[in-house]
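> Please see the structure below; I have some questions.
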Amino acid sequence: MPSTACDIAELELHELEAALGALGQPAFRARQLYRWVYRRGLADFAGMTDLGVPLREDLAGRFRIGTPEVVRKDVSIDGTTKFLLRLADGKLIESVFIPDTPSMTFCISTQVGCAMACGFCLTGKMGLVRNLTAGEIAGQVRVLAAATDMLDHPFNIVLMGMGEPLHNYDNTMKALRMLHSEHGLAVSPRRVTISTVGIVPGLERLGREPLMPNLAVSLHATTDEQRTALVPPNRKYPLAAILEACRRFPLKKRNRITFEYVMLEGVNDSPDDARRLVRLLAGIKAKVNLIPLNPAPGIPYERPSDERVARFAQILADKHLTVSVRKSRGRDIRAACGQLIVEGGTKKSAAQQMALLMK
Ligand code: SAH
């Protein structure tokens, strides 16, 4: 049973200072605790050896440090490691460690399931079960960094696991603030990428954030008809609205928006699609990341040949767009993009979720 004690993993540093201050503790105690939890990966008070034993016991009676539990670890032949994590209420999520890209990268989930229902994504088949809390989002990074010996090393975070980060906006941004704390893991927003289906009000809010992560937009199609068929939220936020929000997005010098484009054989992978994509992105500081589909049972699309992907990429490059082809990692353990899914749990159907979103 999850305990009802106040969960330190859900608190930003200033909130922890306030909670400890109410007990008569000075502010530096909060910083000490934060360092144990984030930099040392501790999830219980007993090991916090620079706190007196009576204080440790007192804290253990009042607080807990909610931490996702590793249920299973699958290691791919390419070194990618997929973690199955159990949350306090028993729900399961997946997070992935992708080494040497050349950086070390954690791919983190923001929701249990997802409401977006993209036609080529397995997570979309689950529907949305629930939002993750800020502590659960940041907790994945704590757990994975500890499990991969990365607590003292620089790493990147991509919010490209299960869920739509801008559909869980507040908790996602709070998690980034917690991870950014200099007394925690001090993750710079430049090392974080938010990937979104393109929820326009969320993009506008993101543009006003003091801590601005990198932005990746999942485009996947070049006409509204095609995009609505693949990415249902396009009905509410069509291409023109998304691209307009991208044009207005306040980018730092030298920064660009990444446009992700999953390639589906015979659907969106023709030279005409490539030329339309070039036209759509005109005037936007953009780079394009092509993601050849990772096929999965129940997904009614095929992965195009490497030649077809290369031809598409060449058309973009000829028009001076920066283009890369995502090398999908961990496909042998179903850790690649769009392959994260866990069974079980009650949920609204994807259609019900969509109806809520469209209101
Ligand atoms: N909700 C966010 C994060 C999703 S996962 C978003 O939509 O951006 C990150 C990327 O993987 C997205 O671009 C997503 O569309 C893509 N993706 C989903 N399923 C895929 C699959 N089967 N093969 C390849 N890429 C996929």
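The values are calculated or read from the model by the stated rules, or taken from the named source; none is laboratory data. Keep in mind that what you see is a predicted model, and the values were worked out from it rather than measured. Cβ: placed from backbone, ideal geometry, glycine included. Neighbour counts: every protein chain shown. Accessible surface is based on the protein model in full, side chains and every heavy atom, while ligands, DNA and RNA are left aside. Shrake-Rupley method; radii C 1.70, N 1.55, O 1.52, S 1.80 Å.
> Between the range 38-88 and the range 241-307, what's the alpha-carbon centroid distance in Å?
Centre-to-centre (Cα) distance: 38 Å.
> Quick check: the angle from helix 239-248's long axis to the longest principal axis of the chain, C-alpha only, nearest 10 degrees?
Between the helix axis and the principal axis of the chain, the angle is about 60 degrees.
> Under unit Cβ charges (Lys, Arg +1; Asp, Glu -1), what dipole magnitude, rounded to 20 debye, does the range 125-207 have relative to its Cα centre?
140
> I'd like the carbon and sulfur percentage of the solvent accessible area for the range 213-335, probe radius 1.4 Å, heavy atoms only, ligands and nucleic acids excluded.
49
> Here's something else I'd like to know. Within the range 161-254, report the GluC sites (Glu not before Pro) that DSSP leaves as loop and that have at most 10 other Cβ atoms within 10 Å.
Answer by residue number: Glu182.
> With an 8 Å cut-off on Cα pairs and a minimum separation of 6 or more residues, tell me the relative contact order of the chain in percent. Mind dumping the intermediate values first?
Numbers: 687 pairs, mean separation 61.7, N = 359.
Over the chain, the number comes to 17 percent.
> Within the set Lys91/Lys287; Lys82/Lys287; Lys174/Lys285; Lys73/Lys287, which residue pairs have Cα atoms separated by over 30 Å? Provide the component values of the computation, followed by the final result.
Details: Lys91/Lys287 36 Å; Lys82/Lys287 27 Å; Lys174/Lys285 27 Å; Lys73/Lys287 33 Å.
Too far apart for the 30 Å limit: Lys91/Lys287; Lys73/Lys287.
> Next up: By per-residue mean of other Cβ atoms within 10 Å, what is the highest-first order of 317-325, 125-133?
125-133, 317-325
> I'd like to check one number: the per residue accessible area of the chain, probe 1.4 Å, reported in Å² as a whole number.
Here the per-residue accessible area is 44 Å².
> Summing -39500 (n - 2.57) over the DSSP H runs of n ≥ 4 in the chain and dividing by its residue number, what mean residue ellipticity at 222 nm do you reach, to the nearest 500 deg cm²/dmol?
-9000 deg cm²/dmol
> Every cysteine in the chain with no other Cys Cβ under 4.7 Å from its Cβ, please list them in numeric order.
Lacking a cysteine Cβ partner under 4.7 Å: Cys6, Cys107, Cys114, Cys246, Cys337.
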